[in-house]
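Every read-out reported here was derived from the displayed coordinates using simple, explicitly stated rules and does not represent laboratory data. Because the structure is predicted, anything quoted here is derived from the model rather than measured. Cβ: placed from backbone, ideal geometry, glycine included. Neighbour counts: every protein chain shown.
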Amino acid sequence: MKHRFALGALVALVALVTASVASAHAILSPPVALDKKLQQFTLSVPTEKEGATTTQIELKVPAGFAIDSYESAPGWKRTVAGSTVTWAGGRVPTEEDAVFHFNASTSGAHTYTFTVLQTYSNGEVVSWSGPESSDTPAPSIQALSSFGGGRGTSTLSIVALAVGAMGLIVAAAALLSRGGRPLV
């Protein structure tokens, strides 16, 4: 029984890793943040074009999201104009990510959606501003007033339950595919 559980857990882990690798998008992490608390965020933008490098990233910051300070990004020059932060001058090759860190806080418990413009060395610009189901979804974070402990259900709890349920389904499928035969 222990071997079956271990195999099921391994299959679930592989499924999660494969799903995350298959969907390379501009992301802002952590995806869930505690409202009104200064914390570090990371913007990661993949270079997906063959034969071109990422040379500029522009982040349009939504109202209520306040950036306090930035971590230096060697090779990049940062400029801030109003609610737009631009990193320029870098050269990120295909299959690598442009990554930037900054400290920020939110002013209310809700979803903050960002627009990211990515410029390639060939002049092409990709706008990461679409809906979640698109090829170029806008990165977002969910600010919560607390991470649980109350009577309500938090987003983090729902995500944890969904991941756990998916693991159980994958484990059950693995057991059924073996036809009840022992693993050893």
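Couple of notes before you dig in:
- Counting other Cβ atoms within 10 Å as a rough exposure proxy, the listed residues Val99, Val125, Val85 run Val125, Val99, Val85 from fewest neighbours to most.
- For segment 67-140: rounded, prolate or oblate by the Cα gyration tensor [a/c cutoff 1.5]: oblate
- The ranking of Phe100, Phe114 by Cβ neighbour count inside 10 Å, starting from the fewest, reads Phe114, Phe100.
- Label-to-label distance, nm, for residues given as Glu132 and His110 (7 Å Cα→Cβ offset): 1.7 nm
- Label-point separation, Gln40 to Glu124 (7 Å along Cα→Cβ), nm: 3.3 nm
- Potential lengthening between Val99 and Ser140 on full extension [0.36 nm per residue; Cα-Cα distance subtracted]: 13.2 nm
- Förster-model FRET efficiency, 22 Å R0, Tyr70 and Ser29, C-beta, rounded to 0.05: 0.85
- Gained length - Ser83 relative to Glu48, 0.36 nm times residue gap less alpha-carbon distance: 10.0 nm
- Straight-line cross-link partners of Lys77 among the aspartates and glutamates, defined as a Cα under 15 Å from its Cα and at least 8 positions apart when in the same chain: Glu58.
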